[in-house]
Amino acid sequence: MENLIPLDYATLRVIWWGLMGALLIGFAVMDGFDAGVAALLPLVGKTDAERRVVINVVGPVWEGNQVWLITAGGAIFAAWPMLYAASFSGFYLAMMLILLALILRPVGFKYRSKFEGSAWRNTWDGVLCFSGVVIALVCGVAMGNVILGVPHGLDPGSMRPVYTGMFYQLFSPFALLSGVLSVALLVMHGAVMLAWRTEDPISSRARGWARLAALLAIALFVLGGFWVAYGLKGQVASGFDMNGPSDPLVKTVTMHVGAWMNNFHTWPLMWIAPVLGVAGALFVLLAPGAGALAFIASAASIAGVILTTGFALFPFLLPSSSQPAAGLTVWDASSSRLTLWIMLVAVVIFLPIITSYTAWVYRVMRGKVTHESVGGTPNSY
């Protein structure tokens, strides 16, 4: 059967590394503005009517946007089972925190407007704000810990993942910087969406928050870049077979400060990613009211930040700080060649359908959300 597969194992691994990155970017861009809007709810909506307008900007689409997270989790499970096992056990409590926030958010959307009382609605507004901040913060903290290296290893006899860290150790200074950067990016993204889809005074308040978040995102991203280049130990892997079976323990890993910058020196075109991360946020800083253009720039900034991390780490998927040789890479943590090929065929068939349907939904839901549009339909939140 494998003789019929037109792509070699190494190529399939790289393709699935790219697809995993695309799914994570899709989740950050599509569900990111949901989280940003939720985080900004008490800040841009000063009255109950204004807050209903804010909620109804994302009301028709937030459920569909979460599909990106589910799809990314499923893809990691099937394409990178070792990564799934190590990350889901190591980040278990952090993921439970994200799951709690993801559960609270739809409950808030659905139940907030069921009763008229201000105490009831203010409580749910606080819950929605909490969920938006927690989702952004924990995702960023997790990304920061991946750059630092996660204290995980493999039992040589059973190849069972072993995690030796504690929950509180996830919140180191660099990881917290990554978390705050993530919050700034998603607040910027949610703010430009509100500035685009609402009218004043909500839109003008959103533009102000977009400028502030964009400025903070640029400062933190640049600071984090210098920290990675001159203050953190990166890892360099060698001795693996790109077409060989998945066995993380056969490679050799060395560590030194600045190693995460090696790929940018080897392939200078990779500098496009961090430039995109800064340039997109800079556009939002200068023109937060540019509508769709500001939203595209914000999305490009988020994509640039995620691509920068992926390019810096390549070929690592999950470096290990406690047992560096057991760190997981593209070349030694994947499913079989046949599995990757069958999954790729499924992606080629279903991805155009999903993206076409999503584009159609957004076309139907286009236009400004106003007090009149919210009050004129019984399906509003």
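The values are calculated or read from the model by the stated rules, or taken from the named source; none is laboratory data. Treat the numbers as computed from the prediction; the structure is a model and nothing was measured. Here Cβ is always computed from backbone atoms with ideal geometry, including for glycine, and neighbour counts include all displayed protein chains. Note: accessible area is taken over every heavy atom of the protein model, side chains too, but ligands, DNA and RNA are not part of it. Shrake-Rupley method; radii C 1.70, N 1.55, O 1.52, S 1.80 Å.
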Discussion item. Of T254, L328, G375, which is farthest towards the positive pole of the chain's charge dipole, taken about the Cα centre with +1 and -1 on the beta-carbons of Lys, Arg and Asp, Glu respectively?
Written reply: G375
Item to complete: For an R0 of 30 angstrom, estimate the FRET efficiency from the Cβ-Cβ distance between A219 and L93 and round to the nearest 0.05.
Response: 0.50
Worksheet item: Ordered by residue, what ³J(HN,Hα) values in Hz, to whole numbers, does segment 307-322 give under the Karplus form 6.51 cos²θ - 1.76 cosθ + 1.60, where θ = phi - 60° and Gly and Pro are x?
Response: 5, 4, 5, x, 5, 5, 7, 3, x, 6, 9, 8, x, 10, 8, 9
Fill in: About the Cα centre, charge dipole magnitude for segment 224-381 (Lys/Arg +1, Asp/Glu -1 at Cβ), debye
260
Worksheet, complete the sentence: Length gained if A325 through L282 is fully extended, taking 0.36 nm per residue and subtracting the Cα-Cα distance, is 11.5 nm
Discussion item. Excluding same-chain pairs closer than 8 in sequence, count the lysine pairs in the chain whose Cα atoms lie under 29 Å apart.
Written reply: 6
Practice prompt. Starting from the Cα-Cα distance between A10 and M255, subtract it from 0.36 nm times their residue separation and give me the gain in nm to one decimal.
Written response: 85.8 nm
Worksheet item: Over the chain, what is the mean sequence separation of C-alpha contacts under 8 Å (at least six apart), divided by residue count, expressed as relative contact order in percent?
Response: 24
Worksheet item: Between segment 130-194 and segment 1-22, what's the alpha-carbon centroid distance in Å?
Response: 28
Item to complete: Take every Cα-Cα distance within segment 88-152, group them into 10 Å bins from 0 onward, and report for each bin the whole-number percent of pairs it holds.
Response: 21, 40, 22, 13, 4
Item to complete: Can you send over the carbon and sulfur percentage of the accessible area for segment 159-260, probe radius 1.4 Å, protein chains only?
Response: 67
Worksheet item: Could you give the dipole magnitude of segment 69-201 about its Cα centre, charging the beta-carbon of Lys and Arg +1 and that of Asp and Glu -1, in debye to the nearest 20?
Response: 260
Item to complete: May I ask you to derive the relative contact order of segment 144-294, considering only C-alpha pairs under 8 Å and at least 6 residues apart, and to give it as an integer percent?
Response: 24
Worksheet item: What does the helix-only formula give at 222 nm for the chain: each DSSP H stretch with n ≥ 4 adding -39500 (n - 2.57), the total divided by the residues, and the result rounded to the nearest 500 deg cm²/dmol?
Response: -22000 deg cm²/dmol
Response to the item:
So, for the Cα atoms of segment 237-292, Rg and Dmax in Å stand at 18.8, 53
Response to the item:
Rounded to the nearest whole number, the Stokes-Einstein translational diffusion coefficient of the chain at 37 °C and 0.692 mPa s (Kirkwood radius, C-alpha pairs) in µm²/s is 151
Worksheet item: Going by a ≥ b ≥ c, the root eigenvalues of the Cα gyration tensor, does segment 275-365 fall in the rounded group (a/c under 1.5), the prolate group (a/b larger than b/c) or the oblate group?
Response: oblate
Fill in: Ratio of the Cα radius of gyration of segment 1-122 to 2.2 N^0.38 Å, where N counts its residues
1.42
Discussion item. Could you derive backbone 3J(HN,Hα) for segment 46-54 from the dihedral phi with the Karplus parameters 6.51, -1.76 and 1.60 (θ = phi - 60°), listing whole Hz in sequence and x where the residue is Gly or Pro?
Written reply: 8, 10, 4, 5, 5, 5, 5, 4, 4
Discussion item. Could you give the length gained by full extension between D247 and L100, i.e. 0.36 nm per residue of separation minus their alpha carbon distance, to one decimal place?
Written reply: 49.5 nm
